[in-house]
Each structure stands twice: as structure tokens, then as C-alpha cells.
Amino acid sequence: MTTEELRKSLLAAPKNGFTRISAEERAAMENYCKRYMTFMDEAKTEREATDWAIREAEKYGFVPFVPGMEAKPGDKIYYNNRGKAIALAVVGTESLAKGANICAAHVDSPRMDLKPNPLYEDSEIAYFKTHYYGGIKKYQWVALPLAIHGVVVKMDGTPVNITIGEDENDPILMISDLLPHLASGQMEKPAPKIIGGEQLNVILGSEPIEGEGSDLVKLNIIKWLNEKYGIVESDFLSAELSIVPAGKCREVGFDRSLIAAYGHDDRVCAYAELEALFTIPTPAKTAVCILADKEEVGSMGLTGMKSKYFEHFMGGLCDAQGVKLDDCFANSFCLSADVSNAFDPNFPEVSDRRNNSKLNYGVSICKYTGSRGKSGCSDASAEVMSHIRSTFEKNNVIWQIATLGAVDVGGGGTVAADMANRNIPTVDAGVPVLSMHAPWEIVSKLDCWATMEACKAIYLA
Ligand code: MN
Ligand code: MN
């Protein structure tokens, strides 16, 4: 054999996804990304994503889970976990004793939440105090347009939904930064301290209402909120209001091959899972789609992936078929669908080029995450890696391998460990992202589409 023949037969040769897709696939990719962008403009919080999922699922014939209900092949069932997380299933032709094929993503993203007592006035400017949620570089969240999304639940239980800053006629909110002229002290601080947590105070207004006192601007703001939403200051005590970047997602680059949006992590995988689930025929094994909350703060609590709500849902389906939940889990497979860091040539030193995911090379499979000596990871076995490789290859899914940065540089985790701890063989895979956790993150259209194809292949495996 010549060296060229040896090279071809023995060496791996990953190729840019654009060299591997047909004109039809290219058109399908563009259409898919248009639908994805619409979803992103409508769903900026876990509540909005859950609402969106329920609305769409019902169009496709999904019905709410009720304990004791039947679970026959082709049945489409969803479990709404308190409006903040959702699990959906299409019941397969085989018994749940043979396991389910699960894709699990999360729909919460880094942001700033209002504190319980958020409203105050200082120097005749009204503000909201916030507490950041998830891992952010605080200095990135100042001096950019912000919107408020969320819900106030009044004493009598009435929910009041609030969204301000997204309509082009809406006002936006903002956090101020220091002018460079006076920032010599600030610029010498380490980055986590350039903007302190207690400086993430959102400007709400500056016009005093007529009268006497030191709270006339604040009073004017709460009066406006009262007229528009019927709330009073103490109603903030029972509210979940979040400050997120204002505006719609946009195509990036002269060739429009990329998309910038708030919260690609992880709604880019959540959307892929949903669209795949909505378009598959009745699968052999039951297909399950999870959109979890609280991943960015450790997956704890009622709506996080550690919550027993997942057992409540899957146990209910298993009961309907006379199957033990533990048997179902042991025979299941889970794709923990979450984003990876795309290789960034601006910061090559944090990655191992030979093992990092790249834009446009497709859905990235991450065998393990964790930090230092793989601490905290769920390390997918060689057998599981073989299963996912062969499933993707059989279905012409464009995929690549990923690791989360060079050894000892940092690390992270996803819901993979929470699923694997349930005795479900699990592997991480998802869309590579540039500027992860920044107000605007970047992904490639090709990778978004490849991830949807990957979810389809898993559901039908
Ligand atoms: Mn994530
Ligand atoms: Mn994240």
C-alpha cells in the first residue's frame, strides 16, 4: 500500500460539516434554524421554554400525565413540572422493561434574578437589586440593553406575568459602568471584582413624582408598575423576576453561518430534542425528552434533574405497563444534551486542539466532563461510546468528539451524572458554543441542525 492508501485506511480524518451536506440538507438546515431562532425569541427563561413546549406538544397530540393512565404504543404524554421543567414521552412499541431512549437538556440560563426586596432609590435614580444566577463574568452584563421576564404571584395566588424590554416600543433596562476616564482603579482589579455582585443594580427610572420626600423616583416607578400590573412593593416578596439581555437573536457573519442569542446554553439542545420528538414516527423504545431547570446552579431542588419528579413520571408510565422502574432505567440510554465549548482561536491555550470540539464539525460527544482528575464527571464507558458512535454513523449524523478544555485549566458538569446515578447509561453530547455564558453566545447553524438529527437518531435507536 502507498502511504496515501495507508493514511486513508488507518487514520481518522474529520471533515468540516459543510463539505458533507447536500443542497437539500443545507436547505433543511436553514429552515430548521429559522424555527429555532423563533423559539429563542419567545423563550428566554425556563418558564417561557416550558410554556412553549406545552403549547407545541399539545398541537402534536401530547396529553398531560395523570397517575394511573394507560401507556400504549404511540401515546404521547407530557409531565409539566410546575411550569419550570417538562418531560415528554412518545410510548414505543416495545415494553418499557426494555428501557427508554432519553434526551435530557436544560432550559435555564445564566442571568440576574431580582432580590426579594429589589426596589430602591439612590441619588434620585430608582433601581432593582439583583443576585446573579449561574456562572457569569459580571463585567459583561453592564452597559447593554436588558429586559425583565418573569412572574409575580400575589398573596391570593394570582400570577401576573411580566415581560418588559423585548417589544421594540418597550423601554429597556440597563446597569451602568464606570467611564474609562475615572476607571484607573477599577481597571487594576482582578476581573471578578471589576463589577461587584452588589453593583449589578438595574436602572429603572429617574423622574420624581410631585411631592415631598426622598423616595419620589421610587414612588413613581411603583405607581407605574401598579397601574400596569396591579402589584405593590410587597408583591416582590413572592416573585420570580429575571433580568436577561434584551432583543432578538441574530445571524452572525457575512455568510450568515452562525447565530448569536441569549441562552443557547442549553435551549439549543432543548429545541433540538423537542423538534426531533415531534417529528419521529412511533419508536420501538419509548422516546423521552427532558427539559430540566436549575442545571446552571447544580440541578438541585424540585425542578432540577436531581428531583424525583422524573421517577414520578417514568414510574407512572412503567406502572401502566406492569414494569419495574429500576428495570426500565437499567435498560435505558440517555443522551445528556448540553453544549460544549467550541475551540476559540482567540484563546487556544485553554484547549487541547486534538480533543476540543470545533464549529461546523457537528454535534460534539463529550465522553467525560469534570475538573482536575475528572473530578465530578460521569465518564461514559467504551461500550456506551461505541453505541452512540455507531448510532450516529448509521444515521449519517455529523458528529465530533469534545473535551471541556485542556487538563487542569478548569472544568464543569451537566445533568449526565444525575442520569447515570439513576443507573441509566449516559453520555454528554451537544452543540459547540463560542462565548458560553456571555450575554450573547454564538453557535453554528450546521451544529444546531446536526444536534437535532442526533436526537432523532437516539430516539429511534
Ligand atoms: Mn448547559
Ligand atoms: Mn451552562
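Selection over region 246-284 of residues that are in contact with a helix residue (DSSP H, G or I) (Cβ under 8 Å, 6 or more places away or on another chain), more than 16 Å from ligand 1 (Cβ to nearest atom), closer than 19 Å to T163 by Cα and open to solvent by less than 20 Å² (accessible area, probe 1.4 Å) gives a count of 1. Within region 388-402, being more than 16 Å from ligand 2 (Cβ to nearest atom) and under 14 Å from A342 (Cα atoms) holds for W399, Q400, I401. Within the set K367, K374, K358, the sole residue that is over 18 Å from the mean Cα position of the chain (by Cα), more than 16 Å from ligand 2 (Cβ to nearest atom), open to solvent by 10 Å² or more (accessible area, probe 1.4 Å) and modelled with pLDDT of 95 or more turns out to be K358. With the structure loaded, tell me whether R55 is of a type in the set (K, R), more than 16 Å from ligand 1 (Cβ to nearest atom) and at positive phi or whether it fails that test. Here the answer is no, as R55 does not meet what is asked. Residue-level check: of (1) in contact with a strand residue (DSSP E or B) (Cβ under 9 Å, 6 or more places away or on another chain); (2) more than 14 Å from ligand 2 (Cβ to nearest atom); (3) at pLDDT 95 or above, D379 misses just (3). Is it the case, given these coordinates, that E251 is within 25 Å of K445 (Cα to Cα) and either of a type in the set (K, R) or away from ligand 2 (no atom under 16 Å from the Cβ) (or both)? Spelling it out, E251 is indeed within 25 Å of K445 (Cα to Cα) and either of a type in the set (K, R) or away from ligand 2 (no atom under 16 Å from the Cβ) (or both).
Tell me, yes or no, whether region 325-337 has at least one residue that is within 16 Å of ligand 2 (Cβ to nearest atom) and either under 18 Å from the mean Cα position of the chain (by Cα) or among the β-branched types (V, I, T) (or both). Checked region 325-337: at least one residue is within 16 Å of ligand 2 (Cβ to nearest atom) and either under 18 Å from the mean Cα position of the chain (by Cα) or among the β-branched types (V, I, T) (or both). In region 407-432, the qualifying residues are those that are touching a helix residue (DSSP H, G or I) at 6+ places or on another chain (Cβ under 8 Å) and within 16 Å of ligand 2 (Cβ to nearest atom), and the one that is farthest from V350 (Cα to Cα) is V415. Within region 444-457, the presence of at least one residue that is farther than 22 Å from L258 by Cα and open to solvent by 10 Å² or more (accessible area, probe 1.4 Å) is confirmed.
Against the list (1) of a type outside the set (V, I, T); (2) more than 16 Å from ligand 1 (Cβ to nearest atom); (3) open to solvent by 40 Å² or more (accessible area, probe 1.4 Å), the condition S435 fails is (2). In summary, helices (runs of 4 or more DSSP H) completely within region 172-242 and bearing 1 or more residues that are under 27 Å from the mean Cα position of the chain (by Cα) occur at 191-194. The set of residues in region 295-316 being within 26 Å of the chain's Cα centre (by Cα) and away from ligand 1 (no atom under 16 Å from the Cβ) consists of G301, L302, S307, K308, Y309, F310, E311, H312, F313, M314, G315.
Checking I195, I209 one by one, the residue that is touching a helix residue (DSSP H, G or I) at 6+ places or on another chain (Cβ under 7 Å), open to solvent by less than 20 Å² (accessible area, probe 1.4 Å) and more than 30 Å from R35 (Cβ to Cβ) is I195 and no other. Condition first: part of a strand (DSSP E or B), at pLDDT 95 or above and over 30 Å from D327 (Cβ atoms). Now tell me which residues in region 402-435 satisfy that. The answer is P432, V433, L434. Applying a threshold of 9 Å to beta carbon distances and a minimum spacing of six or more residues, or different chains, the list of pairs starting in region 408-423 at a residue that is touching a residue at least 40 places away in the same chain (Cβ under 8 Å) and under 15 Å from F329 (Cβ atoms) and ending at one that is hydroxyl-bearing (S, T, Y) and open to solvent by 30 Å² or more (accessible area, probe 1.4 Å) reads A416/Y368.
In region 159-171, the qualifying residues are those that are assigned to a loop (DSSP other than H, G, I, E, B) and open to solvent by 60 Å² or more (accessible area, probe 1.4 Å), and the one that is farthest from ligand 2 (Cβ to nearest atom) is N169. Looking across region 25-64, the residues that are of a type in the set (G, A, S), assigned to a helix (DSSP H, G or I) and open to solvent by 20 Å² or more (accessible area, probe 1.4 Å) come down to A27, A28. Can you find a residue that is away from ligand 1 (no atom under 16 Å from the Cβ), surrounded by 21 or more Cβ atoms within 10 Å (Cβ to Cβ) and of a type outside the set (A, V, I, L, M, F, W, C) anywhere in region 319-338? Yes, because at least one residue in region 319-338 is away from ligand 1 (no atom under 16 Å from the Cβ), surrounded by 21 or more Cβ atoms within 10 Å (Cβ to Cβ) and of a type outside the set (A, V, I, L, M, F, W, C).
Of note, A100 satisfies the criterion of being touching a helix residue (DSSP H, G or I) at 6+ places or on another chain (Cβ under 7 Å), of a type outside the set (D, E) and touching a residue at least 60 places away in the same chain (Cβ under 8 Å).
The values are calculated or read from the model by the stated rules, or taken from the named source; none is laboratory data. Predicted model only: the values in this text are computed from it and were never measured. So basically every Cβ, Gly included, is an ideal-geometry build from the backbone, and we count neighbours across all protein chains shown. In case anyone asks, the SASA skips ligands and DNA or RNA and just uses the protein heavy atoms, side chains included. Shrake-Rupley method; radii C 1.70, N 1.55, O 1.52, S 1.80 Å.
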